[in-house]
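*Asks:* I have a structure here, written as structure tokens, and I will follow up with some questions on it.
The values are calculated or read from the model by the stated rules, or taken from the named source; none is laboratory data. Keep in mind that what you see is a predicted model, and the values were worked out from it rather than measured. Note: ideal-geometry Cβ built from the backbone for every residue, glycine included; neighbour counts use all protein chains shown.
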């Protein structure tokens with residue numbers, strides 16, 4: 001442990017730009033929990049790393065989770081991927097993507113010009129609250 005393989009293991013565990021907590025990263029990669037911050041420091045040399053307090057994509061507990069965002073990844077792509085994977089309210093969509101609420105509404109309006117964007121009342125898969133959920137078709 002402690003080599004270049006650690007970076008590869010963590011980057012694989014963070015694929016999809018979803019937040020994963022330190023405990024789940026340690027379990028998924030086999031890297032000791034105490035070593036995860038130093039591995040993340042090495043990753044930060046090449047990739048933007050965020051650490052928002054959100055629901056972990058693995059254990060679903062609300063805690064600080066690491067999320068990588070490759071330079072050049074568009075906000076539109078992040079929003080579309082998040083909506084295709086889960087039913088998320090706007091609040092959880094902001095938490096998962098890091099895109100501000102006004103920008104998300106702007107993107108959904110723009111997407112509505114080329115795709116069918118509907119809003120439905122449903123339970124959010126992020127927070128379990130019954131809220132309006134945007135859906136792409």
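*Asks:* Here is a list: 36, 43. Which entry is in contact with a strand residue (DSSP E or B) (Cβ under 7 Å, 6 or more places away or on another chain), crowded, with 16+ Cβ neighbours inside 10 Å and part of a helix (DSSP H, G or I)?
*Replies:* Exactly one residue qualifies, and that residue is 43.
*Asks:* Identify, from the list 42, 33, the residue that is touching a helix residue (DSSP H, G or I) at 6+ places or on another chain (Cβ under 7 Å) and without any contact (Cβ under 8 Å) to a residue 12 or more places away in the chain.
*Replies:* Exactly one residue qualifies, and that residue is 33.
*Asks:* Working only within region 64-74, note down all residues that are surrounded by 15 or more Cβ atoms within 10 Å (Cβ to Cβ) and modelled with pLDDT of 80 or more.
*Replies:* Those that are surrounded by 15 or more Cβ atoms within 10 Å (Cβ to Cβ) and modelled with pLDDT of 80 or more: 65, 66, 67, 68.
*Asks:* Determine whether residue 58 is outside any helix (DSSP H, G or I), free of Cβ contacts under 8 Å to residues at least 24 places away in the same chain, touching a helix residue (DSSP H, G or I) at 6+ places or on another chain (Cβ under 7 Å) and surrounded by fewer than 19 Cβ atoms within 10 Å (Cβ to Cβ).
*Replies:* no
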